[in-house]
Amino acid sequence: MPHTHYTTLISATNLVERIAAASGSVFIVDCRFDLAAPEAGETAYAAGHIPGAHYLNLDRDLSGAKTGKNGRHPLPERAALVAKLKEIGLNEGQQVVAYDAQGGMYASRLWWLLRWLGHDSVALLDGGLQAWQAAGQPLDSATPSTSPGTFKAGAPLSVTIDADGVLRNIDTHERVVIDARAADRYRGENETLDAVGGHIPGALNRFFKDNLTADGRFKTAHELRETFGALLGATQPDRVVLQCGSGVTACHNALAMEIAGFHGAALYPGSWSEWSSDASRPVATGAAA
């Protein structure tokens, strides 16, 4: 009997069932992280994680080298990410489940990256580690043994746009830009992560945490479709650009749109941290017009 193919979300109950049904059929990755304390996620993983889960670090594994002009979390080199995933044992076509303890804000980065590598068998654990524990499931402090996997990249299932494309769009208005940051940072207030406050002119604001219910699970597909639909109006999903501070939480909006049935939005990987590093690029402040 074929296994269910999860491409957006998986519940804790379904993950337990999948693990029990076929050992090794699911590859679990812990993506916990803290922007203010970059080693905190790895420390938490060492203290206790879902049994068999591997750990990937946002800075070290899920981002590339910083130049000072390409943002705080530039995309990793495709070959380097493929090599890392093979090294920790991922096999071609294997179901991946990513989780964190921060509402999916870091796990959604791995979800997007795997799709960028052509791998669609990847889902977030809905509700994260909290949902796993609420279901009465155990944690383990053992690091799983690894042997090289067979994973390889395929044609990208997610697309990107660069700063020049976003800049051109300010004049052409061909795309709708959606900023995933909190409303105050979007307005240019309380900026603590980047040197300049504000947003890309014309960008709309959709705080990624608005994708979640109070218990940290994603809202229903219907609810997400209603809210994103209201934001997009007549704009087709493939004319949307998703950005945030550094290209991480924008992936959360990408996942929410996928759940809602809105496919094809482009990610601006450098996001505000790249955009604002060049003083020649325009900056807007205040609420959306």
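The values are calculated or read from the model by the stated rules, or taken from the named source; none is laboratory data. Quick caveat: nothing in here was measured; it's all calculated off a predicted structure. Here the Cβ is made from the backbone with ideal geometry for all residues, glycine too, and neighbour counts use every protein chain on show.
Here are a few things to note about the model shown:
- Which numbered condition residue 225 fails, given (1) part of a loop (DSSP other than H, G, I, E, B); (2) among the basic types (Lys, Arg); (3) more than 22 Å from residue 63 (Cβ to Cβ): (1)
- When the criteria are applied in full, residue 150 meets the requirement of being more than 22 Å from residue 105 (Cα to Cα) and hydroxyl-bearing (Ser, Thr, Tyr).
- Options 121, 145, 141: the member that is within 18 Å of the chain's Cα centre (by Cα) and of a type in the set (Ser, Thr, Tyr): 121
- Where a residue in the stretch 263-289 is without any contact (Cβ under 8 Å) to a residue 12 or more places away in the chain and its partner, wherever it lies, is of a type outside the set (A, V, I, L, M) and assigned to a loop (DSSP other than H, G, I, E, B), with Cβ under 9 Å and at least six apart: 289/202
- Only one of 217, 225 that is free of Cβ contacts under 8 Å to residues at least 60 places away in the same chain, surrounded by fewer than 24 Cβ atoms within 10 Å (Cβ to Cβ) and among the charged types (D, E, K, R): 225
- Residues in the stretch 117-156 that are in contact (Cβ under 8 Å) with a residue 40 or more places away in the chain, more than 23 Å from residue 11 (Cα to Cα) and surrounded by 18 or more Cβ atoms within 10 Å (Cβ to Cβ): 151 only.
- Every residue from the stretch 18-56 that is loosely packed, with under 14 Cβ neighbours inside 10 Å and over 30 Å from residue 72 (Cα atoms): 20, 21, 22, 23, 24, 25
- Hits in the stretch 170-206 (condition: among the aliphatic types (A, V, I, L, M) and either surrounded by fewer than 19 Cβ atoms within 10 Å (Cβ to Cβ) or in a loop (DSSP other than H, G, I, E, B) (or both)): 170, 180, 182, 183, 193, 195, 196, 200, 203, 204
- Helices (runs of 4 or more DSSP H) completely within the stretch 1-96 that count 3 or more residues being assigned by TED's automatic domain parsing to the domain that holds residue 110 and under 22 Å from residue 216 (Cβ atoms): 12-21, 40-47
- Residue within the stretch 150-161 that is outside any loop (DSSP other than H, G, I, E, B) and of a type in the set (D, E, K, R) present: no
- Yes/no for residue 83 being modelled with pLDDT of 95 or more, farther than 30 Å from residue 276 by Cα and not acidic (Asp, Glu): yes
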